[in-house]
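Everything on this sheet refers to the single structure shown next.
The values are calculated or read from the model by the stated rules, or taken from the named source; none is laboratory data. Treat the numbers as computed from the prediction; the structure is a model and nothing was measured. We place every Cβ from the backbone using ideal geometry, glycine too, and count neighbours over all the protein chains shown.
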Amino acid sequence: MYDELVLHLGFHKTGSTSIQKTCFKNGRVLADNGWVYPRLKLSGKSFSNHSRFLFSLFSESSDSYLPNVKDGRPLGVINAEIAKSVSSGVAEGRSVGKKLLISGEDISRLSSKELLKLRSFAESHARAVRVLVYVRPPWSYFNSAVQQRVKAGKTLDGCRYQSVIQKIECIQAAFPYAEFYPFQVACGHSSGVVGHFLGLLGVDNLSEFEIVGSNAAVSGEAVRLMSYLNAREPRLINGRLNPDWEGLAFSILKKFPGSRFRISARDKVSNTEWISEDNKWLKENMGIEFCDADIVGFRETFPNSLNREQYCWLKKVFKSLPDRTKILTLGYLKENSRISDSQILSLL
């Protein structure tokens, strides 16, 4: 049995990927501090993010979980392999260190009932259990989450704000001792949120860690173009992956230059009125450092057309795009009057 088990539950868009990749890459240094970060495997691949393993083990709806849908194998086969991987990863770690670290932001999506099962699992493997959660101010979180969802196949008008209050209350119901930290404060650490997190673990030799950066933000133009494509080539059709979506070359389109994405009134995203309610609740129950300082400041003034840099980039990459992507991109440019007719002709 471990002396301590730490569950890091995100939330989403709070530097979880950086934390996970840093821990994964610096396993030896973590071990020097007594910590084990298990290298869980599935289909021969090691994962730095433990989300899929823990969510699939404890969720009652893991059949609709996108990573499992993409896998394509029967859920029973997937879960059997996951259970074996978690069991062996936890067991093998005991020979490396006395403290176990598990990190996965999707774990925070579990219900309180499912989280209680996770608690029983954690308490069966360690004498002490800690739960660490970073909370990002609602508007800041939503702005970042929207672009991530669009990259994953959503449309802008299909992005709804999901209140953070229920997630916090579910975690508190299952883990009354859960520790919540304001993301904005953690970012002020000299080594960013990763440094703040490692500090919570009692790690003091940060200079020996190779810290891995976070996901790069994308431009407003890229987000709106990808949303347009998603509306016409959905990632999922009747619960099944659409192979045509996989071929839309998002890896190229997400590099579209321009100012960083900021939600504007024209994007028609839903439920933004809940953001004010969440800010109010967070201020009253957790402190002002968990809240947005300025919501209005996120409203973007969207330019009327592409600038020269954007047009030159598009002209450079356009011929390398798949035919279906070319057709849809031209549709986006025409319908939104992003460039002139003569500029469209020069792309062809």
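The table that follows gives values for the structure above.
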item	result
Members of the range 72-122 that are of a type in the set (Ser, Thr, Tyr), out of contact with any Gly (no Cβ under 6 Å at 6 or more places or on another chain) and closer than 28 Å to ASN33 by Cβ	SER85, SER87, SER88, SER95, SER103, SER120
Helices (runs of 4 or more DSSP H) lying entirely in the range 39-136 (those with 3 or more residues that are under 30 Å from ILE288 (Cα atoms))	112-125
Unique residue being buried (at least 19 other Cβ atoms within 10 Å of the Cβ), β-branched (Val, Ile, Thr), modelled with pLDDT of 95 or more and assigned by TED's automatic domain parsing to the domain that holds CYS170 when the list is VAL86, VAL77	VAL86
Yes/no for TYR177 being surrounded by fewer than 22 Cβ atoms within 10 Å (Cβ to Cβ), in contact (Cβ under 8 Å) with a residue 12 or more places away in the chain, of a type in the set (Phe, Trp, Tyr) and closer than 30 Å to ILE237 by Cβ	no
Any hit, the range 101-115, residues being of a type in the set (Lys, Arg) and either modelled with pLDDT of 95 or more or under 15 Å from GLY15 (Cα atoms) (or both)	yes
Extreme residue, nearest to the chain's Cα centre (by Cα), among residues of the range 21-38 that are surrounded by fewer than 23 Cβ atoms within 10 Å (Cβ to Cβ) and part of a helix (DSSP H, G or I)	LYS21
Test for VAL77: is it free of Cβ contacts under 8 Å to residues at least 40 places away in the same chain and more than 16 Å from VAL212 (Cβ to Cβ)	yes
Residue list for the range 196-219, restricted to those being crowded, with 17+ Cβ neighbours inside 10 Å and outside any loop (DSSP other than H, G, I, E, B)	HIS196, PHE197, LEU198, SER219
The range 224-267: number of residues that are surrounded by 13 or more Cβ atoms within 10 Å (Cβ to Cβ) and part of a loop (DSSP other than H, G, I, E, B)	17
Members of the range 305-348 found to be assigned to a loop (DSSP other than H, G, I, E, B), out of contact with any Lys or Arg (no Cβ under 8 Å at 6 or more places or on another chain) and surrounded by fewer than 16 Cβ atoms within 10 Å (Cβ to Cβ), listed by number	ASN307, PRO322, SER337, SER340, LEU348
